[in-house]
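The values are calculated or read from the model by the stated rules, or taken from the named source; none is laboratory data. Keep in mind the model is a prediction, meaning the values are calculated, not measured. Glycine also receives a Cβ, built like all others from the backbone with ideal geometry; neighbour counts cover every protein chain displayed. Keep in mind that these areas ignore ligands, DNA and RNA; they rest on the heavy atoms of the full protein, side chains included. Shrake-Rupley method; radii C 1.70, N 1.55, O 1.52, S 1.80 Å.
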Amino acid sequence: MGFASGSMTFRRFFLSGRHPERLTEDGLAAVAANAHGRRGYDPKQLVESGWIVPEHVFDVDFSSSHRITCGPFVFLGLRVDRLSPPPAVVAGYRKMEERALLVDAEEGATLGRAERRLAKETAERRAQEEARQGAFRRISAYPLLIDLENGVAYFGNLGKTPGEILTQLFADTFDITLVPASTGELTTRWSERTGRTRWLDDALPAMLVEPPSDADARTSLTFPGADRSFLGREFLAWLMFRGDAGEGLFEVVGRGGVSIAVHRLMAMSCVFQLSGSMSIRCDAPAESPEVRAALRIGKLPSKLGLLAESGSQAWSLTLDEAGSVSGLVIPPAEDVDDGWALLEHRFLSMREAASTLDGLWGAFLETRLGEDWGAELERMSNWARRSPATESERRRATA
C-alpha cells in the first residue's frame with residue numbers, strides 16, 4: 001500500500017506532546033481497539049473509519065507489533081468507508097415515491113408541497129437505511145507512516161477530509177494531537193528556535209515586480225493575523241531563482257551542500273489575483289519563455305518539480321507551496337533482498353528527503369527573516385524583470 005512501492009505522495013504532521021519512541025504493548029492494544037469495523041460509523045456523515053494492516057484493506061490482525069513495525073517506524077493503513085447513497089439513487093427513489101402517491105389520483109393531478117416533502121423524506125430514509133447496510137459502500141485506504149523517534153507522521157493523502165478523519169482517529173487511539181506541518185507551522189517553529197520571532201511578526205508578502213495600478217491588486221497581498229502562507233510560494237520562487245542564478249547549490253545546516261534543479265513541472269499563480277494560474281511540463285520549465293513572461297507580470301510558483309541531491313542520496317519530487325510532497329522517487333536499494341529491509345530503506349530515504357527539504361526551508365528563512373533579505377529581494381526582482389515580456393509571451397502567460 002502506498003509507501004511500500006512506487007512513488008510516494010504525502011503530507012506531514014507533527015506529534016504534539018509526549019509520546020514513546022517505540023510502539024508499546026498499550027499502543028498496539030489501542031490500535032487493535034480502533035481497527036476498522038470496531039468503531040462503528042458516523043451517523044451524520046455515514047462514514048466508517050479505522051486502522052488496517054497495510055497488507056490489504058481487510059487485514060485487521062494486530063496480534064503482533066511485528067506486523068506494523070519496521071525499524072524505528074510504525075506503518076499503518078487508514079481505511080475509510082463512505083456509506084452515503086449516490087444522489088442519483090435518492091432522486092430515483094423520490095420519483096418512485098411521487099408516482100406511488102399519484103396512483104389513485106385523477107388524471108392530470110399533481111402533488112402538493114406536503115406530499116412532495118413526504119416523498120423526499122421517505123426516499124432519503126430508504127436510501128440511508130440501505131447505505132447503513134452497506135449497499136453503497138465505497139472503500140478507500142491511505143498509508144500512514146509514524147516516525148516516533150522524530151515525532152512526525154507521514155500521511156499518504158493530500159485531501160482535507162481524509163486528513164480530518166486521520167486526526168480524529170489518531171487522537172482517539174493514542175491521545176496525541178496531530179499538528180499539520182504546514183509552511184506556517186515550520187516557520188513558527190524555526191523562528192522560535194532561532195529567536196527570529198520579531199522578524200517573523202514584521203514579515204510582509206514580497207513582490208518581485210511592481211503591482212498594477214489597480215488598488216484591488218495591492219489589497220490582495222494582505223494576509224490576516226498570523227497567516228504566513230505567502231512564505232510558501234516565496235520559498236519556491238527563491239529555489240527557482242537560486243537554481244537559475246546560483247546554479248542550484250545551497251548550504252544547509254547539518255548536511256553541507258544540497259543541489260536543487262527545477263525539473264519537468266511548474267505551476268504558477270498571480271500574486272495580485274488578476275491573471276489566473278498556469279502550468280507547464282517540460283524538462284527545464286524555468287527556462288521556458290512562458291515562465292519568464294509569467295514572472296514579469298506577477299506570477300510566482302505554487303508547485304515545482306525538483307531534482308534534489310544531498311550527499312549520496314538523490315530524489316525526484318514535486319513540492320507545493322503548502323509543503324506537501326507528491327511523486328517522490330527515492331534511490332533504489334543496493335544489495336537488499338529482504339522485504340522488511342527494503343521497506344525500511346524506503347522509509348529512511350523518505351525521512352531523509354523530508355529532512356533535506358526542511359533544511360532548505362531553514363536556509364531560506366535564514367535569509368528571508370534576516371538583515372540580508374532586502375539585498376536578496378532586489379536580486380530576485382532583477383532576475384524576474386530581466387527583460388520585458390513580448391506581447392505574445394504576455395498572452396501565453398495570462399491564458
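Could you check, for the stretch 67-80, whether at least one of its residues is of a type outside the set (D, E, K, R) and open to solvent by 80 Å² or more (accessible area, probe 1.4 Å)? No. Identify the residue in the stretch 293-307 that is under 9 Å from Leu208 (Cβ atoms) and in contact with a strand residue (DSSP E or B) (Cβ under 7 Å, 6 or more places away or on another chain) and, among all such residues, is modelled with the lowest pLDDT. Only one residue tops the list, namely Gly298.
Under the condition of being in a helix (DSSP H, G or I) and modelled with pLDDT under 80, the residues counted in the stretch 216-246 number 5.
Every test in (1) of a type outside the set (Phe, Trp, Tyr); (2) under 24 Å from Phe10 (Cα atoms); (3) free of Cβ contacts under 8 Å to residues at least 40 places away in the same chain is passed by Gly50 save one, and that test is (3).
Scanning the stretch 315-344 for residues that are within 30 Å of Arg228 (Cα to Cα) and either without any contact (Cβ under 8 Å) to a residue 40 or more places away in the chain or of a type in the set (A, V, I, L, M, F, W, C) (or both) yields a count of 7. For the stretch 171-188, filtered to residues that are in a helix (DSSP H, G or I) and either exposed (fewer than 15 other Cβ atoms within 10 Å of the Cβ) or of a type in the set (Asp, Glu) (or both), the residue that is modelled with the lowest pLDDT is Glu185.
If you go through the stretch 108-139 and keep only what is surrounded by 12 or more Cβ atoms within 10 Å (Cβ to Cβ), modelled with pLDDT of 90 or more and touching a strand residue (DSSP E or B) at 6+ places or on another chain (Cβ under 9 Å), you end up with just Ile139. Just one of the numbered conditions (1) among the aliphatic types (A, V, I, L, M); (2) more than 17 Å from the chain's Cα centre (by Cα); (3) surrounded by 19 or more Cβ atoms within 10 Å (Cβ to Cβ) is not true of Ala354: (2). Of note, Glu378 does not satisfy the criterion of being of a type in the set (Asp, Glu), within 30 Å of His66 (Cα to Cα), in a helix (DSSP H, G or I) and open to solvent by 20 Å² or more (accessible area, probe 1.4 Å). Might you let me know whether the stretch 128-139 holds any residue that is touching a residue at least 24 places away in the same chain (Cβ under 8 Å), within 33 Å of the chain's Cα centre (by Cα) and within 30 Å of Phe14 (Cα to Cα)? Checking the stretch 128-139: at least one residue is touching a residue at least 24 places away in the same chain (Cβ under 8 Å), within 33 Å of the chain's Cα centre (by Cα) and within 30 Å of Phe14 (Cα to Cα). Can you tell me which condition Ala267 does not meet? The list is (1) in contact (Cβ under 8 Å) with a residue 60 or more places away in the chain; (2) under 19 Å from Trp238 (Cβ atoms); (3) of a type in the set (Gly, Ala, Ser), and all the others hold. Just one mismatch for Ala267, condition (1). Note on the stretch 42-62: residues that are outside any loop (DSSP other than H, G, I, E, B) and either surrounded by fewer than 18 Cβ atoms within 10 Å (Cβ to Cβ) or in contact with a Pro (Cβ under 8 Å, 6 or more places away or on another chain) (or both) amount to 2.
Each row is one residue, and each column tells you yes or no for (1) modelled with pLDDT of 95 or more; (2) surrounded by fewer than 18 Cβ atoms within 10 Å (Cβ to Cβ); (3) not in a loop (DSSP other than H, G, I, E, B).
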{"site": "Glu98", "(1), (2), (3)": "no, no, yes"}
{"site": "Glu106", "(1), (2), (3)": "no, yes, no"}
{"site": "Ala141", "(1), (2), (3)": "yes, no, yes"}
{"site": "Ala153", "(1), (2), (3)": "yes, no, yes"}
{"site": "Leu169", "(1), (2), (3)": "yes, no, yes"}
{"site": "Leu204", "(1), (2), (3)": "no, yes, no"}
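With respect to (1) open to solvent by 70 Å² or more (accessible area, probe 1.4 Å); (2) over 20 Å from Ile330 (Cα atoms), the lone exception for Phe272 is condition (1).
Go through the stretch 324-368 residue by residue and tally those that are under 14 Å from Leu145 (Cα atoms) and among the hydroxyl-bearing types (Ser, Thr, Tyr). The number of residues fulfilling the criteria is 1.
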